[in-house]
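Enquirer: I'd like to ask you about the structure that follows.
The values are calculated or read from the model by the stated rules, or taken from the named source; none is laboratory data. As the structure is a prediction and not an experimental result, all values here were calculated from the model. Quick reminder, even Gly has a Cβ in these numbers, built from the backbone with ideal geometry, and neighbours come from all protein chains shown.
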């Protein structure tokens, strides 16, 4: 019967094509919030139409005019949409048609076609109906807030906070417990210090939506505990678009500043990569690098030293403003007319998208500080003792280039898309500091020195995604599969740090004080392959819709990491004319010339202990059942199995030295007795089962009660399971891989397993208004924290270790509410805000407790529990939005803060470091111009309160002291975009 | 499972090759950093290269040159015996590659040189052979070529913990721990030992002293020690109870005599010549335990041949030291004794300064006036003859007239 109906439609709709306009849209089932697949969309007069595809989308080509449209679907009420205007050659988008269940009310629902609404409401509907707890942000909201990148957009989501402008934290839990996926695929993090993807790399114009899930369900990866954030990129644009936008940002304290620091880089710095200017010099990584002790002639050594870039000093140049531009283009083409072609390939449609973005910014911080402080020995002394304080200025110039292209093909029952993306980011940093080291502190020799730091970081990410979705004819079976390889790199070529030591009588390089000049090359390359398939079976159970979902995923990652370091030595007595660092490589003082005779030593054994190759393989399978136990009570029960293996190739210094010796003396390389070495050996292996229970109970039509339980996991990172010793050239702080056994630490770092419990009440109101309250509890078995190594007094060294068990309990309140309940005049205003409060505690190990007890102050009573590292006690997001549809004007004021989190766990001599809350207040204004609203102007002010980003050492009854501090300043940005 | 992984690697390799060909990165440029620059004379010197830790009793004899090819540790329970006249040469390297000889807690060194046959620790660059005192090819200024000699023991230290990691050894090597509860701990014997051209750079504020004594006990015998051209300090004590006699330090890159963590022993008879840092850097306890040391009978040259020391004596608010019978000469304008005035635990007895004409003794004591124990004088206090013949400093004539 239906077939006949559509056949009639097909015949009747073949006619004038060229001048036609198009009606497109999406149809949802209001009950479930899901898209309606196979709903009939019919233009009443002249009779033509189509049916929705597997995305719930439809497209009708029709002559210009004004039409009434009828949307019908089995067992749902038919909806009439009146007065749909179609213009020649244009697309009219009718988004968000929600069909009510026929059982609830009989009759036909009539609505009037209004201004196009995007998917904000759809996301809210998804949130309301999803059995798992989730929050999201749509392209629309990003446009309103003027957010330039995914990271800016993400912080609008309940309980989300951002650190360092790059990393996403959920519910105040640390990076370790958060996870970011791109199109549901694991993307390698580019920073070896972090687990997750740096979100500042993704420009918003490539993003379709961002969804944050706070509860694990079996179809998700199990290695997140705070939240899983998925960024979905665009595939099928609803209508043809060609958009060009430019923007600029002005920060009075940073831009057009003549104090801005920079140094000469390569000719391609403006494209985000180094042209080889900073490459390793020839012979620098050879087994016998030329030096006075290598056996090379003086002339050879001299020439080799000269092949290093001689610039060691930052120069002052006036900074420019930030600017950005992007171009995007996309469309979809119906390959056959409305509902045409055979039943197997109905409505074939091709979608394509292309986007390129360029962004550059200049930063200048005029008062950056890094401190090291200690507790005084006497129990009656409270104030912290300064060990080292580094203060100065720092500049950076960052370039981001992003390109994405996507091609997608779909028919009513199948969709395949291919997306390719490349992101390129280069950041050049220059700094000038003064170091004040105090000999009254333990392990410190006391000196005054300068420090000149020149750095360059080059990151890239190339990702390809092949994604298919298929539906059986009876729409009972759905298959979704994805294959996605990613290649990413992060290079730090030629980090130069040079600092003179000042004594009352002399200025020179002192290895024992400010250090000799050094340079570092770092490289990280990672490849990643994800393949996954999800199969859903829709059926009826207990006379209600039910879903059986099962699937499998395979993830493989391989990382290569290497640090090469070169230290300068002086052959003769030092004699300098000034404290200009460039003198160190002046040809007149390079070895064998006198005085000074500067040359480099290679600090890198043939087998580098600061290099490793690690790989992981994670094979997962899951099954979950979504069903209604009663019309009001829905559940998802599921279990996921993950078989995880991590391999490591690396060695410690002792082995590396012995190997090098055996190599040069012809010894047996397979039988090195000294030290430790791992050659592609398994360092972590487990098969885990992760159960999850999600229950949603409809208290009333618009109120839900939710409960969730799940088990999740947090695994050590590549870097943590290694022998690497990584120095931060700016702060001189060391990271030590966990393999090193030390005192009570056995070198055996294991995964953290977490039990999660969640309760939530939520009330949905019209126009996207929401109120919700949640309580959550998590218990951590063997959490990993970064611990200050107490036995090392000379340098600040840290190691990741399993500490005592931990738990946390939190509450989360959220409200999105129009203001008309206060006054009618405020009808265009709405408030959205959320507050997360968390109380966490870790049971200290005996050693930590005793170490703290040794430094207990008079009047202090040290508890054997403390907060979890990285856990903020509160997160607050609040915003007021004004929206005037007629005037096409929107404005919003947004506030975000994360409570003081324990950043580094101190021990005894070393006090704890807490992150100071950063009060971020941003204003965004957005106005559409022109009759069609094709031109958009937006204006934004960030950090209105002018707050500083700071961390402090804190100790009982003592004044807090700087660990790190800088002032991001206030920035004013303006953007202009035009749709053609 | 391995095959599966291998297949993935191959597949990923192909993808990477593909990605590289389209990517903008410069990493595909020719990498010539690993090219080898050939050398003219790659002579095999016949040295015995030592690159692994010493775990059983071992003897080094003077008929061979021992080359330190790694950070070599004499581990707990092992004894390293070095014959008089033996030459030990450290290979070059900094940071992770720095070579040093470490006597770990429980390990022993029996290095009993003689005045006619001292034991010499130097750099591989030094062409010196057994029987020679002066280097045939290096100057006394050349430093930082290798690490140094580090002796660690179980005597008490005053630090943030009962045992801590010694400066210059990465945290990852537990053989760098020192400190304990045995004041009479015995790390062996060190006699007529000359240590040269060391002090490899480990990182900012972190390098290796010529002779490092961490928690070394009073059962250890240390006498007739020379340190020449070390990039960091000459001799540094970290707590411990060991007594040391006859020390000569020439051209230290940082301090000459450095004490920390409540060393409670005595240094008797010494010569210090032109360290770049402090002539004496004397710190106090860092933990709850206190302890005082005595430094006596010495002569210091504070400037010579353009090398000028940062200051003369440096003590802190919590230093605990008794300085007795010391003469400082060749003082230049601006060099002073820096101390915390009201610290009752620092005493100056018979300290004489060879002051410039037209100046007053008070000009040489920061936050003066000069305490009673510091006066003007011109006579050396060290017994110079103790260094004759076996020390390079004396042979080079640097001790003449002191």
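Here's the yes/no breakdown for (1) buried (at least 18 other Cβ atoms within 10 Å of the Cβ); (2) closer than 30 Å to residue A:610 by Cα:
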site: A:253; (1), (2): no, no
site: A:289; (1), (2): yes, yes
site: A:306; (1), (2): no, yes
site: A:310; (1), (2): no, yes
site: A:313; (1), (2): yes, yes
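Enquirer: Also, I was wondering about something else. Tell me, please, whether a residue that is surrounded by fewer than 18 Cβ atoms within 10 Å (Cβ to Cβ), farther than 24 Å from residue A:685 by Cα and free of Cβ contacts under 8 Å to residues at least 24 places away in the same chain can be found in segment A:750-766. Don't jump to the end; show me each part of the working.
Expert: Filtering segment A:750-766 down to residues surrounded by fewer than 18 Cβ atoms within 10 Å (Cβ to Cβ) leaves A:750, A:755, A:757, A:759, A:761, A:763, A:765-766.
With farther than 24 Å from residue A:685 by Cα added as a condition, the list becomes A:757, A:759, A:761, A:763, A:765-766.
Then drop every residue that is not free of Cβ contacts under 8 Å to residues at least 24 places away in the same chain, which leaves A:766.
Looking through segment A:750-766, at least one residue is surrounded by fewer than 18 Cβ atoms within 10 Å (Cβ to Cβ), farther than 24 Å from residue A:685 by Cα and free of Cβ contacts under 8 Å to residues at least 24 places away in the same chain.
Enquirer: Check off (1) more than 14 Å from chain B (Cβ to nearest Cβ); (2) part of a loop (DSSP other than H, G, I, E, B) for residue A:283 and give me the number that stays unchecked.
Expert: (1)
Enquirer: Next question. What is the one condition in (1) under 11 Å from the mean Cα position of the chain (by Cα); (2) more than 14 Å from chain A (Cβ to nearest Cβ); (3) in a loop (DSSP other than H, G, I, E, B) that residue B:184 does not satisfy?
Expert: (1)
Enquirer: Same structure again: How many residues does segment B:43-79 hold that are more than 12 Å from every other protein chain (Cβ to nearest Cβ), touching a residue at least 40 places away in the same chain (Cβ under 8 Å), surrounded by fewer than 20 Cβ atoms within 10 Å (Cβ to Cβ) and over 22 Å from residue B:176 (Cα atoms)?
Expert: Here the count works out to 2.
Enquirer: State which residue is farthest from residue B:336 (Cα to Cα) when the search covers only segment B:360-369 and only residues that are touching a residue at least 24 places away in the same chain (Cβ under 8 Å) and part of a loop (DSSP other than H, G, I, E, B).
Expert: Among residues in segment B:360-369 that are touching a residue at least 24 places away in the same chain (Cβ under 8 Å) and part of a loop (DSSP other than H, G, I, E, B), the one farthest from residue B:336 (Cα to Cα) is B:367.
Enquirer: Considering only residues that are more than 10 Å from every other protein chain (Cβ to nearest Cβ) and surrounded by fewer than 19 Cβ atoms within 10 Å (Cβ to Cβ), which ones fall in segment A:481-506?
Expert: A:481, A:483, listed by residue number.
Enquirer: Still on this structure: If I filter segment A:579-590 for residues that are within 14 Å of chain B (Cβ to nearest Cβ) and touching a helix residue (DSSP H, G or I) at 6+ places or on another chain (Cβ under 6 Å), do I get at least one hit?
Expert: no
Enquirer: Just the residues that are in a loop (DSSP other than H, G, I, E, B), within 14 Å of another protein chain (Cβ to nearest Cβ) and touching a residue at least 12 places away in the same chain (Cβ under 8 Å), please, taken from segment A:661-718. It would help to see each step written out before you state the result.
Expert: Of segment A:661-718, the ones in a loop (DSSP other than H, G, I, E, B) are A:666-676, A:701-702, A:715-718.
Then keep just the ones that are within 14 Å of another protein chain (Cβ to nearest Cβ); that gives A:666-669, A:671-676.
A:672, A:673, A:674, A:675, A:676, listed by residue number.
Enquirer: With the condition kept exactly as written, say whether any residue in segment A:422-429 is away from chain B (no Cβ under 12 Å) and more than 30 Å from residue A:183 (Cα to Cα).
Expert: So in segment A:422-429, the residues away from chain B (no Cβ under 12 Å) come out as A:427-429.
From what is left, the residues that are more than 30 Å from residue A:183 (Cα to Cα) are A:428-429.
Yes: one or more hits.
Here is a yes/no grid of residues against (1) out of contact with any helix residue (DSSP H, G or I) (no Cβ under 7 Å at 6 or more places or on another chain); (2) buried (at least 19 other Cβ atoms within 10 Å of the Cβ):
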site	(1), (2)
B:317	yes, no
B:337	no, yes
B:342	yes, no
B:359	yes, no
B:365	yes, yes
B:390	yes, yes
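Enquirer: Looking at A:393, A:383, A:378, which one is surrounded by fewer than 22 Cβ atoms within 10 Å (Cβ to Cβ), more than 13 Å from chain B (Cβ to nearest Cβ) and not in a strand (DSSP E or B)?
Expert: A:383
Here's the yes/no breakdown for (1) over 22 Å from the mean Cα position of the chain (by Cα); (2) without any contact (Cβ under 8 Å) to a residue 60 or more places away in the chain:
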{"site": "A:898", "(1), (2)": "no, no"}
{"site": "A:916", "(1), (2)": "no, yes"}
{"site": "A:929", "(1), (2)": "yes, yes"}
{"site": "A:943", "(1), (2)": "no, yes"}
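Enquirer: In this structure, does residue B:300 turn out to be under 19 Å from the mean Cα position of the chain (by Cα) and either assigned to a strand (DSSP E or B) or facing chain A (nearest Cβ under 10 Å) (or both)?
Expert: On the way: under 19 Å from the mean Cα position of the chain (by Cα): yes; either assigned to a strand (DSSP E or B) or facing chain A (nearest Cβ under 10 Å) (or both): yes.
Yes: the conditions hold for residue B:300.
Enquirer: Criterion first (surrounded by 21 or more Cβ atoms within 10 Å (Cβ to Cβ), under 28 Å from residue A:430 (Cβ atoms) and outside the structural domain of residue A:51 (by TED's automatic domain parsing)) does residue A:274 satisfy it?
Expert: Working: surrounded by 21 or more Cβ atoms within 10 Å (Cβ to Cβ): yes; under 28 Å from residue A:430 (Cβ atoms): yes; outside the structural domain of residue A:51 (by TED's automatic domain parsing): yes.
Yes.
Enquirer: I would also like to ask the following. Based on what the data block shows, is residue A:266 in a loop (DSSP other than H, G, I, E, B), over 30 Å from residue A:663 (Cα atoms), within 14 Å of chain B (Cβ to nearest Cβ) and out of contact with any helix residue (DSSP H, G or I) (no Cβ under 7 Å at 6 or more places or on another chain)? Even if it seems obvious, please write down each step before you answer.
Expert: Values: in a loop (DSSP other than H, G, I, E, B): yes; over 30 Å from residue A:663 (Cα atoms): yes; within 14 Å of chain B (Cβ to nearest Cβ): yes; out of contact with any helix residue (DSSP H, G or I) (no Cβ under 7 Å at 6 or more places or on another chain): yes.
So residue A:266 fits the description; yes.
Enquirer: Is it the case that residue B:198 is within 12 Å of chain A (Cβ to nearest Cβ) and either under 28 Å from residue B:277 (Cα atoms) or touching a helix residue (DSSP H, G or I) at 6+ places or on another chain (Cβ under 7 Å) (or both)? Talk me through it step by step, then tell me what you get.
Expert: On the way: within 12 Å of chain A (Cβ to nearest Cβ): yes; either under 28 Å from residue B:277 (Cα atoms) or touching a helix residue (DSSP H, G or I) at 6+ places or on another chain (Cβ under 7 Å) (or both): yes.
Criteria met by residue B:198.
Enquirer: Can you tell me which residues in segment B:161-174 are over 16 Å from residue A:796 (Cα atoms) and either without any contact (Cβ under 8 Å) to a residue 12 or more places away in the chain or at the interface with chain A (Cβ under 9 Å from one of its Cβ atoms) (or both)? Show your work before the answer.
Expert: As a first pass, look at segment B:161-174 and keep what is over 16 Å from residue A:796 (Cα atoms): B:162-163, B:174.
Within segment B:161-174, B:163, B:174 qualify.
Enquirer: Please list, ordered by residue number, the strands (runs of 3 or more DSSP E) wholly in segment A:882-960 having 3 or more residues that are farther than 30 Å from residue A:731 by Cα and in contact with a strand residue (DSSP E or B) (Cβ under 9 Å, 6 or more places away or on another chain). Please lay out each step first, then the result.
Expert: Details: elements: A:889-898, A:902-904, A:912-915, A:920-929, A:935-942, A:949-954.
The qualifying strands (runs of 3 or more DSSP E) are A:889-898, A:920-929, A:935-942.
Enquirer: A follow-up question, please. Picking from B:93, B:85, which residue would you name as being under 23 Å from the mean Cα position of the chain (by Cα) and within 7 Å of chain A (Cβ to nearest Cβ)?
Expert: Details: B:85 fails: within 7 Å of chain A (Cβ to nearest Cβ).
Result: B:93 is the single residue among B:93, B:85 that is under 23 Å from the mean Cα position of the chain (by Cα) and within 7 Å of chain A (Cβ to nearest Cβ).
Enquirer: All but one of (1) in contact with a strand residue (DSSP E or B) (Cβ under 7 Å, 6 or more places away or on another chain); (2) outside any strand (DSSP E or B); (3) more than 14 Å from chain A (Cβ to nearest Cβ) hold for residue B:357, so report the exception by its number.
Expert: Condition not satisfied by residue B:357: (1).
Enquirer: State all residues of segment A:721-745 that are within 14 Å of chain B (Cβ to nearest Cβ), closer than 20 Å to residue A:679 by Cα and not in a strand (DSSP E or B); if no residue qualifies, say none.
Expert: Going residue by residue through segment A:721-745, those that are within 14 Å of chain B (Cβ to nearest Cβ) are A:722-745.
From what's left, closer than 20 Å to residue A:679 by Cα: A:722-725, A:736-741.
Answer for segment A:721-745, where residues must be within 14 Å of chain B (Cβ to nearest Cβ), closer than 20 Å to residue A:679 by Cα and not in a strand (DSSP E or B): A:722, A:723, A:724, A:737, A:738, A:739, A:740, A:741.
Enquirer: Still on this structure, please answer the following. For segment A:220-244, which positions are more than 30 Å from residue A:868 (Cα to Cα), within 24 Å of the chain's Cα centre (by Cα) and either in the same structural domain as residue A:395 (by TED's automatic domain parsing) or in a strand (DSSP E or B) (or both)? Spell out the reasoning first.
Expert: Start the filter on segment A:220-244 by keeping residues that are more than 30 Å from residue A:868 (Cα to Cα), which leaves A:232-244.
If we keep only those that are within 24 Å of the chain's Cα centre (by Cα) too, we end up with A:232-235.
Of everything in segment A:220-244, those that are more than 30 Å from residue A:868 (Cα to Cα), within 24 Å of the chain's Cα centre (by Cα) and either in the same structural domain as residue A:395 (by TED's automatic domain parsing) or in a strand (DSSP E or B) (or both) turn out to be A:232, A:233.
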